[in-house]
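Read through the structure below, which is laid out as structure tokens, and then see the notes.
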Amino acid sequence: MTRNALVTSTIEQLRPYAAGKPIEELQRELGLTDVCKLASNENPLGPSPGALQAVVDALPTVHRYPDAAAFYLRERLCVHLSNNCRTVHAEELVFGNGSNELLELLVRTFTTNDDHVVFADPSFVVYRSAALAHGVPFTAVPLTAGYVHDLDALLAAVESRTRMVFIANPNNPTGTYVAEEPLRRFLQELPASVIPVLDEAYFEYASAGDYPDGLNLRDAHPKLVVLRTFSKAYGLAGLRIGYAVCPPELVGYLNRVRAPFNANSLAQVAAIAALGDAAHLDEVVKVNDRERALLAAELSAAGLDAVPSEANFVLVDLKTDAMNIYSELLQLGVITRPIPPLPTCLRITIGSARENQRLLAALRACLS
Ligand SMILES: *Cc1c(COP(=O)(O)O)cnc(C)c1O
């Protein structure tokens, strides 16, 4: 039988990933020079100066392919992630061109169109797009009224054909988190045939006492995959490097499907240097804590409530059409992120003190 359609019906349904508007694009469109981007949860302080120097030092070797095994980064990361109570082994790590690539790789490696995956709604849009791109049926489980993962409902959505469950912790776009005890129980109750993917892109920012470190939950499920990235708190989004910590059996399969050289050489050296600069990471987290609290207080004073966040962004319900406010903010040179499933909400990245003040002034002007 011949197929006339160029693509499958699921790819037909897909829409290109709506990235945060690039600064240069808004500058071109409106002739603005001073644009402030609070749309993609980027780090306002940038990476460690040591990471930048490592990139400069590595530039003369860019005619060589990267180390496909990421030997030095792997070794360095094992040291970084291991502590008195646990060890992370070299054979438990897979690197990706951002953790985005790893999400896609997990779906491609472990699921088919006879399977099924589960994730929350709204959560990180890549879970849905990866499932659609590969024709894998899915169930998107609404968050609770407080914008938190509904673990019972997620568990109830698991069927015999379910192969994977994605949980972003903290969640994007809400900044909410699931606590250690309920998450541990959830993992214990999840069938062993299901791969739980715990996406900890904002791990370094989370400071709540009961926020779990996914690496300490590996005893709760035999197939747990923990994803982390250098894009957020480490400030290396442009270099594209993230990693998965998971059982060696899964690593073996992921390595069969993974494109060779997917983690580039500049990203590898930058990540090693970034791990060596704990003081910079502390500063990044300290500034984020302070600015997030300030922004939440100022929003609240303006009659707007931000959802309590453990990440470097806040979700704000404007109680009006957020797309209009988004457009008006653009005119004022401030880029935020509309969240289509939540049409009255904007997601706002915590920027520098100056950027946050600029956002607040622009928002007050738009809402007055
Ligand atoms: C930003 C983000 C990622 C990852 O991004 P990469 O830059 O591809 O590492 C993954 N998951 C969530 C929930 C995110 O918000």
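Being farther than 19 Å from Leu215 by Cβ and more than 16 Å from the ligand (Cβ to nearest atom) is the filter here, so list the residues in region 173-191 that pass it. If the condition is that a residue be farther than 19 Å from Leu215 by Cβ and more than 16 Å from the ligand (Cβ to nearest atom), then Glu189, Pro191 are the ones that fit.
If you go through region 48-69 and pick out every residue that is farther than 18 Å from Tyr234 by Cα and assigned to a loop (DSSP other than H, G, I, E, B), you end up with 8.
Of all residues in region 1-12, those satisfying the criterion of being exposed (fewer than 10 other Cβ atoms within 10 Å of the Cβ) and at pLDDT 85 or above are Ala5, Leu6, Ser9. Residues that are surrounded by 18 or more Cβ atoms within 10 Å (Cβ to Cβ), part of a helix (DSSP H, G or I) and free of Cβ contacts under 8 Å to residues at least 24 places away in the same chain within region 314-339 comprise just one, Tyr326.
Within region 30-47, can you find the residues that are assigned to a loop (DSSP other than H, G, I, E, B) and touching a strand residue (DSSP E or B) at 6+ places or on another chain (Cβ under 6 Å)?
Answer for region 30-47, where residues must be assigned to a loop (DSSP other than H, G, I, E, B) and touching a strand residue (DSSP E or B) at 6+ places or on another chain (Cβ under 6 Å): Leu38, Ala39, Asn41.
Glu104 fulfils the conditions (1) without any contact (Cβ under 8 Å) to a residue 60 or more places away in the chain; (2) among the charged types (D, E, K, R); (3) more than 15 Å from the ligand (Cβ to nearest atom) except for a single criterion, (3).
Take Leu198 and decide whether it is more than 16 Å from the ligand (Cβ to nearest atom), closer than 15 Å to Leu81 by Cβ and surrounded by 20 or more Cβ atoms within 10 Å (Cβ to Cβ). Judged against the criteria, Leu198 is not a match. Of the residues screened, Val79 is not one that is surrounded by fewer than 21 Cβ atoms within 10 Å (Cβ to Cβ), assigned to a loop (DSSP other than H, G, I, E, B), away from the ligand (no atom under 14 Å from the Cβ) and at pLDDT 95 or above. For Gly98, all conditions in the list (1) within 22 Å of the chain's Cα centre (by Cα); (2) surrounded by 18 or more Cβ atoms within 10 Å (Cβ to Cβ); (3) at negative phi hold save one; what is the number of the exception? All conditions are met except number (3). Annotation note: of Arg256, Arg292, the sole residue that is over 26 Å from Thr349 (Cα atoms) and either free of Cβ contacts under 8 Å to residues at least 24 places away in the same chain or assigned to a helix (DSSP H, G or I) (or both) is Arg256.
Scanning region 1-49 for residues that are more than 23 Å from Thr174 (Cα to Cα), touching a residue at least 60 places away in the same chain (Cβ under 8 Å) and acidic (Asp, Glu) turns up just one, Asp34. Can Pro340 be described as closer than 25 Å to Ala19 by Cα and modelled with pLDDT under 95? Yes.
What about Ala267, is it open to solvent by less than 10 Å² (accessible area, probe 1.4 Å), within 16 Å of the ligand (Cβ to nearest atom), assigned to a helix (DSSP H, G or I) and touching a residue at least 12 places away in the same chain (Cβ under 8 Å)? Yes: the conditions hold for Ala267.
The values are calculated or read from the model by the stated rules, or taken from the named source; none is laboratory data. Here the structure is a predicted model, which means the values were calculated and not measured. Virtual Cβ from ideal backbone geometry, glycine too; neighbours counted across all protein chains shown. To get the accessible areas, we keep the full protein, side chains included, count just its heavy atoms, and leave off ligands, DNA and RNA. Shrake-Rupley method; radii C 1.70, N 1.55, O 1.52, S 1.80 Å.
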